[in-house]
Amino acid sequence: MSLDEDVLAEYRILAMRPLTKIDPERDLEWICKSLGFLEPRDRKKTAFRIFKALFEASRENRGLTSDELAAKLSLTRGTMVHHLNKMIRSGLVIYYEGKYKLRGRSLRSTIEEAHRDINRIFENLYKVAEIIDEAFNTTSRRG
């Protein structure tokens with residue numbers, strides 16, 4: 001069994017300086033960069049454009065099919081599915097009833113869901129680390 005078969009989600013969070021001026025469009029782009037979606041090689045900001053379209057659809061409480069997204073953004077379905085799968089693995093996008101949508105009803109609730117997931121991951125890491133420490137008779141370096 002490969003490592004990828006065991007992976008339920010992949011979280012990538014980059015420490016980015018927040019923008020100094022409020023600008024909703026650039027702020028959304030900053031969130032995409034912080035979550036590792038907007039990489040320098042993505043010159044056309046494809047991932048950002050997809051995420052933005054999903055965010056806009058979420059404001060109307062609806063999802064979009066990959067074909068709708070591809071047509072709206074003038075992208076191939078293959079490109080669309082590649083980016084959507086990455087967003088699903090990140091825990092921010094879900095596929096439900098044939099449509100892609102943000103996991104929460106708002107951007108904040110979507111990020112809160114991912115935060116809860118990350119907290120659960122760390123709780124599991126703590127538990128396993130404690131078992132390993134006990135098995136190898138090592139002590140915690142907490143003060």
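The values are calculated or read from the model by the stated rules, or taken from the named source; none is laboratory data. Bear in mind the structure is a predicted one, so any value in this text is a computation, not a measurement. A quick note on method: Cβ atoms are made from the backbone with ideal geometry, for glycine too, and the neighbour counts reach across all protein chains shown.
Residues of the stretch 85-106 that are under 15 Å from residue 64 (Cβ atoms) and either in contact (Cβ under 8 Å) with a residue 60 or more places away in the chain or in a loop (DSSP other than H, G, I, E, B) (or both): 92, 97, 98, 103.
Of the residues making up the stretch 35-84, just one is free of Cβ contacts under 8 Å to residues at least 12 places away in the same chain and in contact with a Ser or Thr (Cβ under 6 Å, 6 or more places away or on another chain), namely 77.
Within the stretch 14-73, which residues are assigned to a loop (DSSP other than H, G, I, E, B), of a type in the set (A, V, I, L, M) and farther than 19 Å from residue 109 by Cα?
14, 15, 16, 19, 22, 38
Tallying residues that are among the polar types (S, T, N, Q) and surrounded by 10 or more Cβ atoms within 10 Å (Cβ to Cβ) within the stretch 125-143 yields 1.
Scanning the stretch 1-13 for residues that are closer than 20 Å to residue 109 by Cβ and small (Gly, Ala, Ser) returns a single hit, 9.
Checking the condition among the small types (Gly, Ala, Ser), assigned to a helix (DSSP H, G or I), more than 20 Å from residue 32 (Cα to Cα) and at pLDDT below 95, which residue from 78, 143 passes? Walk me through it before giving the result.
On the way: 143 fails: assigned to a helix (DSSP H, G or I).
Going through 78, 143 in turn, the sole match is 78.
Checked against (1) touching a Gly at 6+ places or on another chain (Cβ under 7 Å); (2) basic (Lys, Arg); (3) within 19 Å of residue 8 (Cβ to Cβ), residue 89 passes all but condition (1). Among the residues of the stretch 90-122, just one is farther than 17 Å from residue 31 by Cβ, of a type in the set (Lys, Arg) and surrounded by 14 or more Cβ atoms within 10 Å (Cβ to Cβ), namely 99. When the stretch 8-60 is filtered for residues that are over 22 Å from residue 112 (Cβ atoms) and among the β-branched types (Val, Ile, Thr), the ones remaining, listed by number, are 20, 46.
Given the options 61, 85, name the one that is at positive phi, surrounded by fewer than 18 Cβ atoms within 10 Å (Cβ to Cβ) and modelled with pLDDT under 95.
Just a single option satisfies the conditions, and that option is 61.
Conditions (1) buried (at least 17 other Cβ atoms within 10 Å of the Cβ); (2) closer than 25 Å to residue 120 by Cβ; (3) of a type in the set (D, E, K, R), marked per residue:
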{"residue": "10", "(1), (2), (3)": "no, yes, yes"}
{"residue": "22", "(1), (2), (3)": "no, no, no"}
{"residue": "39", "(1), (2), (3)": "no, no, yes"}
{"residue": "54", "(1), (2), (3)": "yes, yes, no"}
{"residue": "69", "(1), (2), (3)": "yes, no, no"}
